[in-house]
Amino acid sequence: MATLPEKEAPLANPEEKFPVTVEEEPKIAQEIKPLVQKLEEEDATLTQPVTDDAGQPLVSPAAPQQPQIVLPLTSSQYAFGLKQKVSRSIRWLSEWCFRLVKIFGTRAVFRETEAKK
């Protein structure tokens, strides 16, 4: 009966070709230390767009991170759709809106009713 070779732990092997190393923060030379600042997790925001020499915008300020989501249904259409059979498309649209309300909470709002002319 043949025996299987023993498995060696890949990191326990002293002849490993690529040992795991932990990188530390680089050392800064004394003559450039006054010129270097260490930044701690600050949010960098632009107050105005960055432009090139011709005045064309290269980078514009970021969009707001918490936009309001307007659902494609009014609240009455939503309530009506939830009462329909699952074979109707309005039911699936209402279920999708329900999912968005669960995910985004108060950021998701129903479409306002359109005024009749």
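The values are calculated or read from the model by the stated rules, or taken from the named source; none is laboratory data. All values derive from a computational prediction rather than experimental measurement. Here the Cβ is made from the backbone with ideal geometry for all residues, glycine too, and neighbour counts use every protein chain on show.
In the set (1) surrounded by 10 or more Cβ atoms within 10 Å (Cβ to Cβ); (2) of a type in the set (A, V, I, L, M, F, W, C); (3) over 29 Å from the mean Cα position of the chain (by Cα), Ala54 fails one condition alone, (1).
Mind listing just one residue for me: the one in the range 64-90 that is surrounded by fewer than 10 Cβ atoms within 10 Å (Cβ to Cβ) and either touching a Lys or Arg at 6+ places or on another chain (Cβ under 7 Å) or aromatic (Phe, Trp, Tyr) (or both) and, of those, modelled with the highest pLDDT? Residue satisfying both the conditions and the ranking: Lys85. Could you tell me whether Glu24 is at pLDDT below 95 and either surrounded by 10 or more Cβ atoms within 10 Å (Cβ to Cβ) or not in a loop (DSSP other than H, G, I, E, B) (or both)? Considered against the rule, which asks whether it is at pLDDT below 95 and either surrounded by 10 or more Cβ atoms within 10 Å (Cβ to Cβ) or not in a loop (DSSP other than H, G, I, E, B) (or both), Glu24 comes out as no.
Would you check which residues across the range 61-87 are part of a helix (DSSP H, G or I) and of a type outside the set (Ser, Thr, Tyr) and list them?
Gln77, Ala79, Phe80, Gly81, Leu82
Checked against (1) modelled with pLDDT of 80 or more; (2) not in a strand (DSSP E or B), Leu58 passes all but a single condition, namely (2). For the range 91-117, the set of residues classified as surrounded by 14 or more Cβ atoms within 10 Å (Cβ to Cβ) and in contact (Cβ under 8 Å) with a residue 24 or more places away in the chain consists of Cys97, Leu100, Val101, Phe104, Ala108, Phe110, Arg111, listed by residue number.
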